[in-house]
1. With B:ILE167, B:ILE171, B:ILE145 as the choices, which residue is in contact (Cβ under 8 Å) with a residue 40 or more places away in the chain and closer than 26 Å to B:GLY102 by Cβ?
2. Taking the residues in segment A:123-164 that are closer than 19 Å to B:HIS211 by Cβ and of a type in the set (A, V, I, L, M, F, W, C) as candidates, determine which candidate is nearest to the other protein chains (Cβ to nearest Cβ).
3. Which members of segment B:74-99 meet the condition of being under 17 Å from B:PRO248 (Cα atoms) and assigned to a helix (DSSP H, G or I)?
4. Just to check your reading of the model, which residue among B:TRP269, B:TRP252 is under 20 Å from B:ILE70 (Cα atoms) and within 17 Å of the chain's Cα centre (by Cα)?
5. Within segment A:147-158, identify whether any single residue is outside any loop (DSSP other than H, G, I, E, B) and within 28 Å of A:GLY46 (Cβ to Cβ), and answer yes or no.
6. Of everything in segment A:97-121, what is acidic (Asp, Glu), buried (at least 19 other Cβ atoms within 10 Å of the Cβ) and more than 7 Å from every other protein chain (Cβ to nearest Cβ)? Give them in sequence order.
7. Of everything in segment A:103-121, what is under 15 Å from A:ARG161 (Cβ atoms) and of a type in the set (Ser, Thr, Tyr)? Give them in sequence order.
Amino acid sequence: MAKLLELEDLRTQFFTTAGTVKAVDGVSYDIEAGETVGIVGESGCGKSVSALSILRLVPDPPGKIVGGKILFMGRNLLELSDVEIRKVRGHEIAMVFQEPMTSLNPVLTIGRQITETLEQHMGIDRQEADARAVELLGMVGISDAERRLKQYPHHFSGGMRQRVMIAMALSCEPKLIIADEPTTALDVTIQAQILELMKDLTRRLGVALIIITHNLGVVARYADKVNVMYAGKIVEKGSARQIYHNPSHPYTIGLLASVPRLDHKRGTKLVPIEGQPPDLTLLDQGCAFRPRCRFAEDICTREIPPLEEVGGGQYSACWQKDKLSQPAPAAS
Amino acid sequence: MAAPDIQIDSRLEDLAERPPLGVIAADLVRRQPLGAAGLFIVLVMIFMAVFADFLTSYDPELNAFEDMHIAPGAEHYLGTDQFGRDILSRIIYGAQTALIIGFVAAFIGATLGLVLGVSSAYFGGRFDLIFQRVMDVFMAFPLIILALALVAIFGQKVENDVLLVIIAITIPFVPNCARVVRSSALAIREMPYIDAARALGYSHARIILCHMVPNVMAPYLIMVTAFVGQAILLEASLSYLGLGVQEPTAAWGLMLQGGAEEYAESAPWIAVFPGLAITFAVFGFNLFGDALRDVLDPKLRRR
């Protein structure tokens, strides 16, 4: 399959008074059409910034994309003019944000917010847009759509607002949807509904999806491929199956050990990762995870480990990866 | 798993229908008695201005030298001035002048300030910094001084005295409103729905006008009502100083200027009634503006 999106050595930095924050530091990955990719990591590891960089939405100042390429269907998004990138935003690449409670404008009706996108990008008139909005709301499971369109966001619950956000994201038939922690603000039962809905719709419409989350369970269930990020870098990537069954980076191992699993014996203690993510202004020439790593050795303080294949299309950036990795299962 | 449909009983919302106007009015008087009084004064003024032709039989601009300095009485309810013009009639027609100047200046001034203030907050950075310093320069002058300067600048070019006054009053309002609106817009700018709007590919102008401006309507409306009162006062001041509306147009400030000093003892009504009219008008708009602020800003609402 053709690559839909390719990130090559993307570097986004924030120039603050405390120093330069390398929020995204040489990230490369690609997505094929219709694929779901999970990006996992702790808070502040560059997940959201790497996603915002794709649409050039990083607040400038202080943020700036200082290097790399973002190829979307062959075009480098970083070289587009402001007008051109606006046509990509919402039309070809849509975003679903973390906070459904505040991602909808409280003074505009739901209908207006959906139809505005349609009018902007699809060039259709108000009547057609209204009809399409009804259809979209139906698609995301909101009944009585015609009446709902006249209502304001405060009439909607969190889960329903996130459905509206998904409807808006899908409205212009994008090729790719970036969901930035789409379920963090919702309670658990609603989370499952929303994720199922997104997975179902993206699969049905052939839309590629990037799910940014710190919830490994979400990734395990919904993603085809997983990128694990730490301190602005991808430390491990592979298929969801490989990451779960054969993690080969100590950070991934730590993340997996720190969440409860149904296939573990009851009463098993969770093992948290000790310490805090590093201050991104104070990184040295060694591995950023070293201070928290159980497997750290001399070489880890001297050189940053490169992201190298451990087998079967799984990559890990760790000097100890060969010791950690078990024989690779067949790529799924 | 198919997502289940979510339904809310539509009958619940039919219960929340709008109450009749009388109930709203009674509720307003009970909760905002001062605001209701302000609104009443404003409505009386508007009524006077609109129906001026039917409310008085005297021409406000016609000199009648045989009727000079008549004290208030049955013939002339509020007396006549030094040119024999009926004072009540001039006050009623003066309401027209005051309201036209007040509303036009307040509306244009506040709206310009609204757009500039929101833009300043939205773009931020250097643009915001420079723009705010320019606004600081304007705000360093008292309103009346700035208005006087503007009359001096535009006086030669603008023939129409009412238009000149409107220009001179409008411009000083812009930085005032821009400043207040900007502070609200700064908070709006950080809301995720503005990021979402950018992620949907909207232009800067669309985000500012369609997504941010509606969110700062509350401070804007409060500024407009406050400005109407101030504009009426400024117009009266300019007219009193002889730089505003020119004779023979009926304007409250002008009425004070004509007779106040000279006839203060022999015919005090010439100055007292227009003075009261100005006082009530400004008072009314300020009370109304305050009540509006209480209603529109839930943080100030009494529990």
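1. Numbers: B:ILE167 fails: in contact (Cβ under 8 Å) with a residue 40 or more places away in the chain; B:ILE145 fails: in contact (Cβ under 8 Å) with a residue 40 or more places away in the chain.
The match here is B:ILE171.
2. Out of the qualifying residues, it is A:PHE156.
3. Restricting attention to segment B:74-99, the residues satisfying the condition of being under 17 Å from B:PRO248 (Cα atoms) are B:80-98.
Of everything in segment B:74-99, those that are under 17 Å from B:PRO248 (Cα atoms) and assigned to a helix (DSSP H, G or I) turn out to be B:ILE87, B:LEU88, B:SER89, B:ARG90, B:ILE91, B:ILE92, B:TYR93, B:GLY94, B:ALA95, B:GLN96, B:THR97, B:ALA98.
4. Working: B:TRP269 fails: within 17 Å of the chain's Cα centre (by Cα).
Testing whether each residue is under 20 Å from B:ILE70 (Cα atoms) and within 17 Å of the chain's Cα centre (by Cα) leaves just B:TRP252.
5. yes
6. Taking segment A:97-121 and keeping what is acidic (Asp, Glu), we get A:99, A:116, A:119.
If we keep only those that are buried (at least 19 other Cβ atoms within 10 Å of the Cβ) as well, we get A:99, A:116.
Scanning segment A:97-121 gives a single hit, A:GLU116.
7. Across segment A:103-121, the qualifying residues are A:SER103, A:THR109.
Here is a yes/no grid of residues against (1) among the small types (Gly, Ala, Ser); (2) under 13 Å from B:ALA121 (Cβ atoms):
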| site | (1), (2) |
| --- | --- |
| B:ASN176 | no, no |
| B:ALA185 | yes, yes |
| B:CYS210 | no, no |
| B:GLY229 | yes, no |
| B:SER237 | yes, no |
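Every number in this text was worked out from the coordinates using simple rules, so none of it is lab data. This is a predicted model, so every value here is computed, not measured. Reconstructed Cβ throughout: ideal geometry from the backbone, glycine too, with neighbour counts over all protein chains shown.
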